[in-house]
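The values are calculated or read from the model by the stated rules, or taken from the named source; none is laboratory data. Keep in mind it's a predicted model, so treat the numbers as computed, not measured. Reconstructed Cβ throughout: ideal geometry from the backbone, glycine too, with neighbour counts over all protein chains shown. Ligands, DNA and RNA are excluded from the accessible area calculation, which covers all protein heavy atoms including side chains. Shrake-Rupley method; radii C 1.70, N 1.55, O 1.52, S 1.80 Å.
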Amino acid sequence: MSQVTAINQQSITDLDFLNDVLHGLAQQQKSLPCKYFYDDKGAALFEQITSLQEYYVTRTELAILEDYSKAIANRLPENLSIIEPGCGSGKKVAYLLAHMSNVKTFVPFEISSEMLNYSLAHLSPLFPELAITPLLGDFTHSQMVKQLTKDTALDSQTNLVYFPGSTLGNFAPVKAIEIMNNFHRLCGVDGYVLIGIDLVKERQVLLDAYDDKAGITAAFNKNLLQRINNELNGTFILDNFKHESRFNEVHSRIEMHLVSKCNQSVVINDKQIDFVAGESIHTENSHKYTLESFKNLAAQANLSLEQTWQDEKSYFALCLLRP
Ligand code: AVI
């Protein structure tokens, strides 16, 4: 079995975390970057979210893959390499691989070596003939993507970049375009990009998906404060904050916030941060697209939308793009 080799290791350090937290909390609208949700506890809570009744996202995408993987595979040429940025467990690519013949190599591209090893362990027995070349790195860092593609000669091939899971929606439009530009570079001039996007739908369905009755999403959101307490000597009292999901019509996105229930002060690494009652920390954006708005966004990364596959309710879409 292939082992994960650190082609270009880059990890988030405690100092990055501290700087990002203090910077975010010094803004007029206090904020924290959503990438810090995923410590071990956060990753486990997210896993629980994916099977919540209210959180339609994961099961809808899996149903689309179940129904259309064969059609998607038929739309693609043989001898492609597949690159999956942020591959996680590798569960979603297995649907495609099951219907594709002569895949040259599969390149899981992840910042976490544990997840890379996990995806290898999951996929190798399912596809014993498949060559797997893991890449360790952060696909959101453009410089790193440039370097990695050079080092691994991915630049000179025709590739499919596979990015399911609606993760693109967690980035502001400018960053989403930058990421899609990286995908454009990764897929090569004749390549393909397949992206999962969450579509605009009834407001209440969206609000409930990010504020479930069992309180798992609330625990996921508040775990960020616990992580700051654990890793940065923070003094957050979690019960003094309330989880809220809001739909921002202007930006067509769900926002998660943590609202201070009272006037209070918190200390993080000797720095005091004051909150007034009702003031919030904005912790996550999850953009919801129409096919038209997504097509326009992708066009700004010089990718054109060729085909989409959706569920019956049009809740979610898998979008095939080409340079
Ligand atoms: C990872 N990402 C696609 C999830 C989303 O739906 O934006 C993160 C999430 N946040 C709360 N629930 C799920």
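Brief remarks follow.
- Residue that is nearest to the ligand (Cβ to nearest atom), among those in the stretch 189-211 that are assigned to a loop (DSSP other than H, G, I, E, B) and open to solvent by 10 Å² or more (accessible area, probe 1.4 Å): Tyr210
- Of all residues in the stretch 51-85, those that are surrounded by 14 or more Cβ atoms within 10 Å (Cβ to Cβ) and within 14 Å of the ligand (Cβ to nearest atom) total 11.
- Subset of the stretch 123-169 (residues that are surrounded by 18 or more Cβ atoms within 10 Å (Cβ to Cβ), within 16 Å of the ligand (Cβ to nearest atom) and outside any helix (DSSP H, G or I)): Asp138, Phe139, Tyr162, Phe163, Pro164, Gly165, Ser166
- Single condition Phe236 does not satisfy, out of (1) away from the ligand (no atom under 12 Å from the Cβ); (2) over 20 Å from Ala44 (Cα atoms); (3) open to solvent by less than 20 Å² (accessible area, probe 1.4 Å); (4) not in a loop (DSSP other than H, G, I, E, B): (4)
- No other residue among Leu18, Leu120, Leu22, Leu32 is more than 21 Å from the chain's Cα centre (by Cα), open to solvent by less than 30 Å² (accessible area, probe 1.4 Å) and closer than 27 Å to Gln143 by Cα apart from Leu18.
- Checking Ser31 against (1) polar (S, T, N, Q); (2) touching a Gly at 6+ places or on another chain (Cβ under 6 Å); (3) closer than 20 Å to Ile195 by Cβ, the condition it does not meet: (3)
- Yes/no for Ser286 being surrounded by 16 or more Cβ atoms within 10 Å (Cβ to Cβ), among the small types (Gly, Ala, Ser) and over 22 Å from Ala172 (Cα atoms): no
- Within the stretch 298-308, considering residues that are in contact with a strand residue (DSSP E or B) (Cβ under 7 Å, 6 or more places away or on another chain) and farther than 15 Å from Cys187 by Cβ, the one nearest to the ligand (Cβ to nearest atom): Thr308
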